[in-house]
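Working notes, structure below.
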Amino acid sequence: MLQALRIVSTAEMKQAEKNANDGGIPYLRLMENAGSAAYRVIREKIGLEENRFVVLCGTGNNGGDGFVVARKLLEQNCVTTVIITGLPRTDDARTMYDTLTALEVEILMLGVDDDETIHDRINQCEVIVDAVFGTGFHGVLPDNVAELFGIANHTTAKKISLDMPSGLNSDNGEADQSTFCPDITVAFAAMKTAHILPQSRHICAEVDTVHIGIEDSCFADMGFLLTLLDENIIDTALPVRKADSHKGNYGRLLNIAGSKNMSGAAVISTLAALRSGAGIVTLASTDSVVDIAASHFCEATFLRCAATDDGQISSESLRELATVLLKSSACLIGCGMGVSENTIAVLRTVLENSISPIIIDADGINCLSHDINIIRTAKVPVILTPHMGEMSRLTKKTIAEIKADAFRIARDFSKQWNVVLVLKDAATIIALPTGELYLNTTGNPGMARGGSGDMLAGMIAAFAAQGIEPSLAAAAAVYLHGLCGDRTAEKRSQYGMLPSDMIAELPLLFQSMNR
């Protein structure tokens with residue numbers, strides 16, 4: 001069963017804490033709850049016996065959480081040293097510090113106590129707890145803290161970060177080169193954006209989200225719901241085939257694709273659709289593209305379209321396309337199609353006339369960027385599959401702007417235009433008009449080559465043609481596409497693998513999943 005996670009920004013988390021405080025839970029109680037929850041994770045995941053602990057504490061409230069952890073360890077007679085970067089600056093952290101110092105505890109301060117002693121404590125312990133910055137970090141680590149983390153990261157000790165690894169920006173995932181690298185990150189109340197961003201989630205390692213007394217009502221209208229895709233999407237989206245079924249049960253896909261110099265996109269997308277279970281796949285393209293495609297497979301049917309002088313599908317074929325479109329259970333348009341007045345006219349015809357889901361990829365998206373308002377003429381679900389460059393053209397934002405706030409931009413775009421958006425990147429995001437988001441967890445850099453997107457588009461379209469709900473069709477295809485890439489890389493290497501190798505791997509992948 002797929003489960004949605006709440007993801008919040010640093011500012012939203014602070015607002016939720018304020019809401020809880022206004023509702024009767026003091027900040028000091030939240031700090032006690034956070035430190036106690038982190039202590040329980042340490043006890044359950046690592047254990048207390050025969051372990052020596054070092055707790056690194058900063059001057060803010062994350063340090064206060066660390067003081068609570070240290071106190072809990074000392075109460076269990078654990079050998080514990082606390083290393084502070086300075087005296088506490090907040091009232092709550094100071095209260096927790098004063099409570100801790102009432103116990104018999106070794107506290108060392110950076111820049112005051114002997115560096116050699118501090119380094120020895122780190123090198124000789126079995127567990128290091130990072131409570132220096134949490135979600136409060138931005139910029140560059142101070143030199144003495146960077147040096148401390150460098151020593152800690154090179155030890156064999158188990159490492160735990162409280163809320164966020166210190167040195168990692170919790171909103172954008174930017175990391176200082178000396179960021180503390182934990183084995184476990186204990187997220188307080190909700191996950192933050194850096195916990196799941198592709199550039200930073202490996203730093204966070206295993207993330208355990210713990211309840212600290214902030215109820216769901218405190219997060220009203222904040223953050224977003226995100227589902228991490230895993231193998232459960234297969235059971236959710238792809239039914240096992242019935243014994244008495246026939247090709248008509250698995251849909252008719254119309255794939256409008258290809259042009260004189262882009263025949264490969266038509267071949268790859270069509271073959272991927274065939275390998276993804278569609279009952280009947282029709283490739284609509286020019287004679288030159290159809291002739292090439294027919295040499296690669298014989299299972300598809302073809303609609304030969306008139307060609308323009310530059311080898312693209314001509315608007316003279318609109319009547320024939322519209323006729324086949326009305327018999328189709330899904331339509332894929334755009335792979336290698338080219339961008340011109342003719343292909344824009346073809347896209348407009350599909351949007352205005354289709355009675356089944358439409359998947360728009362590649363040049364279909366580039367055509368759409370000339371007048372995105374034509375998407376409102378569609379009376380059926382629409383799935384868009386842009387990469388970052390295409391998304392930039394659609395939104396008129398720079399790639400850097402999109403990457404900096406990809407989840408929110410994807411969510412808002414999906415809502416605004418009432419489409420399922422598959423925003424392709426190192427970690428692909430699927431955004432639904434309801435505001436829900438999926439994040440893919442499969443795939444590798446070996447997939448970063450021409451044709452990979454055409455394969456994905458063919459898979460999504462094949463699933464949609466089979467009657468799978470569009471958001472699930474997109475999510476399942478994205479997950480399987482990445483998993484297929486991972487399995488192909490294991491056999492052929494990331495350097496040498498091709499999308500055609502991935503398509504050949506698809507049947508074996510379905511077989512392993514009993515589909």
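If you check 378, 400, 426, which single one turns out to be farther than 18 Å from residue 361 by Cα, surrounded by fewer than 20 Cβ atoms within 10 Å (Cβ to Cβ) and out of contact with any Cys (no Cβ under 6 Å at 6 or more places or on another chain)? Just one listed residue meets the conditions, 400. Residue-level analysis places residue 444 among those that are surrounded by fewer than 24 Cβ atoms within 10 Å (Cβ to Cβ) and either of a type outside the set (D, E, K, R) or free of Cβ contacts under 8 Å to residues at least 40 places away in the same chain (or both). Which residue is farthest from residue 484 (Cα to Cα), if the candidates are limited to segment 279-296 and must be open to solvent by less than 10 Å² (accessible area, probe 1.4 Å) and outside any helix (DSSP H, G or I)? Out of the qualifying residues, it is 286.
Any residue in segment 479-492 that is closer than 26 Å to residue 246 by Cα and crowded, with 24+ Cβ neighbours inside 10 Å?
Yes: segment 479-492 contains one or more residues that are closer than 26 Å to residue 246 by Cα and crowded, with 24+ Cβ neighbours inside 10 Å.
Selection over segment 51-70 of residues that are in a loop (DSSP other than H, G, I, E, B) and touching a helix residue (DSSP H, G or I) at 6+ places or on another chain (Cβ under 6 Å) gives a count of 1. Being among the hydroxyl-bearing types (Ser, Thr, Tyr) and farther than 30 Å from residue 6 by Cβ is a condition met by at least one residue of segment 105-122. Does residue 2 fit the bill of being in a helix (DSSP H, G or I) and open to solvent by 30 Å² or more (accessible area, probe 1.4 Å)? Taking the combined requirement at face value, the residue does not satisfy it.
A count restricted to segment 260-270 and to residues that are open to solvent by 10 Å² or more (accessible area, probe 1.4 Å) and more than 27 Å from the chain's Cα centre (by Cα) stands at 6.
For (1) surrounded by fewer than 16 Cβ atoms within 10 Å (Cβ to Cβ); (2) free of Cβ contacts under 8 Å to residues at least 60 places away in the same chain; (3) of a type outside the set (A, V, I, L, M, F, W, C); (4) not in a helix (DSSP H, G or I), each residue gets a yes or a no:
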residue: 19; (1), (2), (3), (4): no, no, yes, no
residue: 30; (1), (2), (3), (4): no, no, no, no
residue: 40; (1), (2), (3), (4): yes, no, yes, no
residue: 49; (1), (2), (3), (4): yes, yes, yes, yes
residue: 72; (1), (2), (3), (4): no, yes, yes, no
residue: 80; (1), (2), (3), (4): no, yes, yes, yes
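The values are calculated or read from the model by the stated rules, or taken from the named source; none is laboratory data. None of these values were measured; they are calculated from a predicted model. For neighbour counting, all protein chains shown are included, and Cβ atoms are generated from backbone atoms with ideal geometry for every residue, glycine included. Only protein heavy atoms, including side chains, enter the accessible area calculation; ligands, DNA and RNA are left aside. Shrake-Rupley method; radii C 1.70, N 1.55, O 1.52, S 1.80 Å.
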